[in-house]
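> Sharing a structure, written as structure tokens. Questions coming.
The values are calculated or read from the model by the stated rules, or taken from the named source; none is laboratory data. Small disclaimer: the values here were computed from a predicted structure and weren't measured. With ideal geometry, Cβ positions are generated from the backbone for all residues, glycine too; neighbour counts draw on all protein chains shown.
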There are 2 protein chains.
Amino acid sequence: MPHSKSNNSRLTQLFPIIGWLKSYTRQEFNSDLFAGIITAILLVPQGIAYAIMAGLPPQLGLYASILPPVLYALFGTSRTLSVGPVSIAAIMIASALTAPEISVLGNPVQSALILSAESGAIMLLMALLRMGGLVNFISHPVLTGFTSGAALLIIGSQLPQLFGLKTPSCGFNVSCYSHYFSGIVSATLFIGLIAIGLLVFFGKPLVLMLKNSGMQSYLIAAISKCGPLLTIILTTLAVDYFDLTSQQNVAVVGKVPSGFPVLNMDLSPIEKWSVLLPYSGFIALIAYVESVAIAKVTANFRGEKIFPNQELIALGVANVAAAISGGMPVAGGFSRTMVNFSAGARTQMAMLIAAGILALAVIFFSPLFENIPKTALAAIILVAIVPLVKLNDIAHTWRYDRGDGIAEIATLLGVLVYGIEEGITLGIILTLISHLRKTSQPHIAVVGRIPGTEHYRNIKRHNVETWSHLLLLRVDESITFANINYIEEFINAELRQQPDIKHVVLIFTSISDIDTTALEVLENLNHTLQTAKMTLHISEAKGPVLDKLEKTDFLKQLQPGKAFFHTEDAVRELAKG
Amino acid sequence: MPHSKSNNSRLTQLFPIIGWLKSYTRQEFNSDLFAGIITAILLVPQGIAYAIMAGLPPQLGLYASILPPVLYALFGTSRTLSVGPVSIAAIMIASALTAPEISVLGNPVQSALILSAESGAIMLLMALLRMGGLVNFISHPVLTGFTSGAALLIIGSQLPQLFGLKTPSCGFNVSCYSHYFSGIVSATLFIGLIAIGLLVFFGKPLVLMLKNSGMQSYLIAAISKCGPLLTIILTTLAVDYFDLTSQQNVAVVGKVPSGFPVLNMDLSPIEKWSVLLPYSGFIALIAYVESVAIAKVTANFRGEKIFPNQELIALGVANVAAAISGGMPVAGGFSRTMVNFSAGARTQMAMLIAAGILALAVIFFSPLFENIPKTALAAIILVAIVPLVKLNDIAHTWRYDRGDGIAEIATLLGVLVYGIEEGITLGIILTLISHLRKTSQPHIAVVGRIPGTEHYRNIKRHNVETWSHLLLLRVDESITFANINYIEEFINAELRQQPDIKHVVLIFTSISDIDTTALEVLENLNHTLQTAKMTLHISEAKGPVLDKLEKTDFLKQLQPGKAFFHTEDAVRELAKG
């Protein structure tokens, strides 16, 4: 079997799990088991909370925590990324489900599953087109602005839950708010505040206390990560014991169906797929970019490598799996991944264990989820999300690079004022425009011949021969829509300064592409020159550029202008007359 | 008065009208008078038609044809551009006014005036920021795809008018359509078809006939441009004479108030300004880009020059004037400008005359507009708009440049399926991404020292000294979010190949900027290298780059890595070992 090794490595490339499973040790399993349990403890409340935040029944978050991470474990190149429901995707799902053109179609669960399927399919398509590099085209300032804005939106959506209120619909009507706030359910607020207190206490204060007591650090990590679960258990017990649902009107999660999900949902309405497509596109983009960013952070700590294109495959498959198993769209979650990593996870085995625990929870414990108060879930989300509002980073960017600062603030404000998709689009466009502005002025040299040679050099730097009716120009970059206007202006300015010119020769040595816009402007320029009794020529065009030009009638339009092979040929013919 | 000349030229720069008025001749006036009358004959039906298309009362189109072109004549750099209501802006206004978040606020006339004011203000702001160059960042394929898509949308919106039908609301329900089409008003359709026949006849066929009869060409031009007005007059007379409004249910324009507009509309609701802002942004962008493109076409014919930034001022002032005088947003119109130009207009005097005629028409003839049948207006729009669907151009682009072809088709489909704003956004993003993909792989050279000198050159091209524990890299472009990942990969690949390396020196000779994203990646890279017991250094950084880096603690993070002034200093210190 001479080709077995290359087959093997190709198989490992597609299923990175094979790479680490072959040399998997008992010791690694112990670490993974511990991390898996800790992460599962976090996954249960997060799954329920994010599903409710997205406006969906809780089981869509739980189901999304079972099959998708298993599939990611098979295909993903990160060893510690925790794939499942995430807050940013949840708010994007909420934004899609409440959009008028989508809510009018009804059945939000069906819409959510179509979002999962579509965003998975989009990622797989992007992988096929090898667009993993796309991650490079969203700059960090845009990402930070977006995350901060989305986090503020999430805070805005969760605060009413904490107070036991509905989302306000008062707009700018101030007097309406006094009526609105009179609806606060005090028992709900009380539970919510207790929950926040507990969660904050389980953060730094408890860790410090336990450290001072001399406890071992892995135990400290384990205990401090139980904050969310303990909060849920205590508040649910309180609701149960005091019968707060009926006595005090405290809102709870409600019935969660037991057992494994069965896909019996009809996902066929084409019309829905079409209106959801733009939302799926944004979810796919953000899920991918955020996941890879998080995966890179933990991979850097251990010197591992993330392959962006393989990540697209893994996340795509995970999202399709979410759709099939009745789950909401998934991505790599920042807080969960950091918990998983710091709890000592060595490989994706930790996530397989966590998924197993979630499956058991769904089968045996879902009746227990019924009385979880929504205010406690809001508290968990709020405590997790507040650190994502990075106003400090924004001030820092503003001082370092004004253009990036503007893009960052515009993204944040765009997300807040116009919505998730609009904000990120605005940010991307602003960044790209400011980038293009910087790169739209290519180097252009007026050249002449070094006497006695066939070499042509910049007249500003070298002592060269020139001819008063002949303009030789070398453009040192491919000609595109972004720089063609600058080039045109440059040529026109030269022509105004040198009224004797009869022939303009563009030297194409550094040009490897001419796009459609540039071609059209060159055609217009040629036309204008001909009207003014001047002739445009080109020289030294590379093969692919000439091939492309020959598909058009540009070379015919140039006549009597020519495409010279060497600049020297052009000078010999044109310098005479 | 020693500075009078520079004052004068500055004044002429702001008011280009001064430039041509000073040497204005009787002969030029004769040409302008003729062209002005012809253009006015076109402006009346276009103004009414585009206002109705936008979902507004007809006078908003008429008012937009009076004050705005006068202001443009004062500030604009094009001598023949005809500024007023245009079809593409009209469909964008319709899209804004029917958006759920805007239609819910009521009072479409108020919304339209706010759109005028806002898009004017945005253009003035862009002029202030000297963003005239922005026109370069929308590629021709995106513009063609957008125009074709918008033209198809306009055709779709006008066909029902031609049949005397309302816009259908059947969606995918096929059986509903048979009921829908039973509502066709046959008299309306009959008038519409006659109108189309007249308009088509007044195009090429009539011109050929008159040419063959030996008529003088300026008279031919004048007669052939009267098609729309004649169509309006004949169909209106028919409606009047046969009382088709009440007898046959033919829809007409309805009452148009007489006399000059008085601004008594309250434009104060802040909330409306905020929801309309994104639409105003798109209208400003497209109005500006299309106007400059059209202005350039006619300017090129006569060797005149268009100043993009001054155009922003002129169009911005014209739109603010539209808002003040009760008009819809304005731009330079393609068909009208070509008519104006080919009718012999020499200067903006032609447009001043046209505006005067429009003012007279509004004062004295507006009662005559009441019985203009809407189907005749639809016919005028349809005949004008069909040539803008350039499927041929799209096929051509597809063959010439695949990336541009994809952007063009995506823009067209985006406009049709998701709407005007979404389509153009998609097109811009696709173009920018494909552009960035081409430019995101900067040239990076591993360099060594030419023996006996202090010159460092590419090891691939020159015979140079190297040191096994020292990696010298020269990046030949500014470091930004678009190329930093490629650079990082390049460095990592070098490090994998040369395991002895202890020091990495980045040579900054060609780097004039490092953006926020690139800085963060460099910080992470430095952190990773330090973990692997390697040290990162930089050398030859230019002043502004160092200044920027000193605002951060990057240089501190590098320690023990240093910022060397010369690469030679770095080698002297690090080559020892």
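> Tally up the residues in segment B:543-559 that are under 21 Å from B:ALA532 (Cα atoms) and either basic (Lys, Arg) or away from chain A (no Cβ under 11 Å) (or both), please.
The qualifying residues number 5.
> Would segment B:139-158 turn up any residue that is assigned to a loop (DSSP other than H, G, I, E, B), farther than 19 Å from B:ILE52 by Cβ and within 13 Å of chain A (Cβ to nearest Cβ)?
The answer is yes, given that some residue of segment B:139-158 is assigned to a loop (DSSP other than H, G, I, E, B), farther than 19 Å from B:ILE52 by Cβ and within 13 Å of chain A (Cβ to nearest Cβ).
> Also, quick follow-up: A:VAL174 versus (1) crowded, with 22+ Cβ neighbours inside 10 Å; (2) within 14 Å of chain B (Cβ to nearest Cβ); (3) not hydroxyl-bearing (Ser, Thr, Tyr): which is the lone unmet condition?
That leaves (1) as the condition not met.
> Could you figure out which of (1) over 38 Å from the mean Cα position of the chain (by Cα); (2) free of Cβ contacts under 8 Å to residues at least 40 places away in the same chain isn't true of B:GLU494?
Just one mismatch for B:GLU494, condition (2).
> Just checking, how many residues over segment B:216-244 are in contact with a helix residue (DSSP H, G or I) (Cβ under 8 Å, 6 or more places away or on another chain) and part of a loop (DSSP other than H, G, I, E, B)?
Qualifying residue count, segment B:216-244: 2.
> While we're looking at this one, here's another question. At pLDDT below 90 and under 36 Å from the mean Cα position of the chain (by Cα): does that describe B:PHE201?
In short, no.
> Would a scan of segment A:504-513 turn up a residue that is more than 8 Å from every other protein chain (Cβ to nearest Cβ), touching a His at 6+ places or on another chain (Cβ under 6 Å) and surrounded by 20 or more Cβ atoms within 10 Å (Cβ to Cβ)?
yes
> Something else: Consider segment A:120-138. How many of its residues are assigned to a helix (DSSP H, G or I) and modelled with pLDDT under 85?
The number of residues fulfilling the criteria is 6.
> Looking at (1) crowded, with 20+ Cβ neighbours inside 10 Å; (2) part of a loop (DSSP other than H, G, I, E, B), which is the only condition B:GLU304 fails?
(1)
> Here's something else I'd like to know. How many of the residues in segment A:264-315 are aromatic (Phe, Trp, Tyr) and over 21 Å from A:ALA127 (Cα atoms)?
Total meeting the criteria: 1.
> When you check B:LEU115 against the structure, is it among the aliphatic types (A, V, I, L, M) and modelled with pLDDT of 85 or more, yes or no?
In short, yes.
> Here's something else I'd like to know. Give me a count of the residues in segment A:325-361 that are outside any helix (DSSP H, G or I) and surrounded by 24 or more Cβ atoms within 10 Å (Cβ to Cβ).
Total satisfying the criteria: 10.
> While we're here: Name the residue that is surrounded by the most Cβ atoms within 10 Å (Cβ to Cβ), counting only residues in segment B:374-397 that are within 13 Å of another protein chain (Cβ to nearest Cβ) and either in contact with a His (Cβ under 9 Å, 6 or more places away or on another chain) or under 24 Å from B:VAL135 (Cβ atoms) (or both).
Looking at the filtered set, the residue picked out is B:THR397.
Conditions tested, residue by residue: (1) without any contact (Cβ under 8 Å) to a residue 40 or more places away in the chain; (2) not aliphatic (A, V, I, L, M).
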| position | (1), (2) |
| --- | --- |
| B:ALA127 | no, no |
| B:ILE138 | no, no |
| B:LEU152 | no, no |
| B:PRO168 | yes, yes |
| B:ILE196 | no, no |
| B:LEU210 | yes, no |
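> For B:ILE283, indicate whether it is at pLDDT 85 or above and among the aliphatic types (A, V, I, L, M).
The answer is yes for B:ILE283.
> Give the residues of segment A:350-399 that are free of Cβ contacts under 8 Å to residues at least 40 places away in the same chain and among the charged types (D, E, K, R), sorted by residue number.
Selection gives A:ARG399 alone.
> Kindly indicate which of B:ILE184, B:ILE122 is assigned by TED's automatic domain parsing to the domain that holds B:LYS296, under 26 Å from B:TYR72 (Cβ atoms) and β-branched (Val, Ile, Thr).
After ruling out the rest, the residue left standing is B:ILE122.
> If we scan segment B:9-30, do we find a residue that is within 27 Å of B:ALA150 (Cα to Cα), touching a residue at least 60 places away in the same chain (Cβ under 8 Å) and touching a Lys or Arg at 6+ places or on another chain (Cβ under 9 Å)?
no
> Another question, then. Tally the residues that are in a strand (DSSP E or B) and either within 14 Å of another protein chain (Cβ to nearest Cβ) or farther than 21 Å from B:GLU573 by Cα (or both), restricting the search to segment B:459-501.
2
> Right, next: Any idea which of A:GLY227, A:GLY214, A:GLY203 is on the phi > 0 side of the Ramachandran plot and either without any contact (Cβ under 8 Å) to a residue 24 or more places away in the chain or assigned by TED's automatic domain parsing to the domain that holds A:ASN309 (or both)?
Step by step, each of A:GLY227, A:GLY214, A:GLY203 is checked, and only A:GLY214 is on the phi > 0 side of the Ramachandran plot and either without any contact (Cβ under 8 Å) to a residue 24 or more places away in the chain or assigned by TED's automatic domain parsing to the domain that holds A:ASN309 (or both).
> Please determine whether any residue of segment B:435-455 is within 19 Å of B:GLU494 (Cβ to Cβ), more than 14 Å from chain A (Cβ to nearest Cβ) and in a loop (DSSP other than H, G, I, E, B).
No, the conditions are met nowhere in segment B:435-455.
> Here is a follow-up. Filter segment B:407-424 for residues that are over 14 Å from A:PHE481 (Cα atoms), surrounded by 23 or more Cβ atoms within 10 Å (Cβ to Cβ) and either within 11 Å of chain A (Cβ to nearest Cβ) or not hydrophobic (A, V, I, L, M, F, W, C) (or both) and give the result.
Selection gives B:THR411, B:GLY414, B:GLU421, B:GLY423, B:ILE424.
> Looking at segment B:442-462, is at least one residue polar (S, T, N, Q), surrounded by 20 or more Cβ atoms within 10 Å (Cβ to Cβ) and on the phi < 0 side of the Ramachandran plot?
Checking segment B:442-462: not a single residue is polar (S, T, N, Q), surrounded by 20 or more Cβ atoms within 10 Å (Cβ to Cβ) and on the phi < 0 side of the Ramachandran plot.
> Among A:ALA379, A:ALA331, A:ALA361, A:ALA355, which is the only one that is of a type in the set (Gly, Ala, Ser) and more than 30 Å from A:THR25 (Cα to Cα)?
Testing whether each residue is of a type in the set (Gly, Ala, Ser) and more than 30 Å from A:THR25 (Cα to Cα) leaves just A:ALA379.
> What number goes with the only condition from (1) farther than 30 Å from A:ILE429 by Cβ; (2) touching a helix residue (DSSP H, G or I) at 6+ places or on another chain (Cβ under 7 Å); (3) among the β-branched types (Val, Ile, Thr) that B:THR480 does not pass?
Going through (1) farther than 30 Å from A:ILE429 by Cβ; (2) touching a helix residue (DSSP H, G or I) at 6+ places or on another chain (Cβ under 7 Å); (3) among the β-branched types (Val, Ile, Thr) one by one, B:THR480 breaks only (1).
> In segment B:48-60, how many are assigned to a helix (DSSP H, G or I) and within 21 Å of the chain's Cα centre (by Cα)?
3
> A further question on this structure: Is it the case, given these coordinates, that B:ALA187 is assigned to a helix (DSSP H, G or I), modelled with pLDDT of 85 or more, out of contact with any Lys or Arg (no Cβ under 9 Å at 6 or more places or on another chain) and crowded, with 22+ Cβ neighbours inside 10 Å?
Criteria not met by B:ALA187.
> I'm told A:LEU129 meets every condition in (1) touching a Phe, Trp or Tyr at 6+ places or on another chain (Cβ under 8 Å); (2) aliphatic (A, V, I, L, M); (3) within 13 Å of chain B (Cβ to nearest Cβ); (4) surrounded by fewer than 20 Cβ atoms within 10 Å (Cβ to Cβ) except one. Can you identify the failing condition by its number?
(1) is the only condition that A:LEU129 fails.
> Going by the conditions given, is A:ALA299 farther than 25 Å from A:ALA96 by Cβ and in a helix (DSSP H, G or I)?
When the stated conditions are applied, A:ALA299 passes them.
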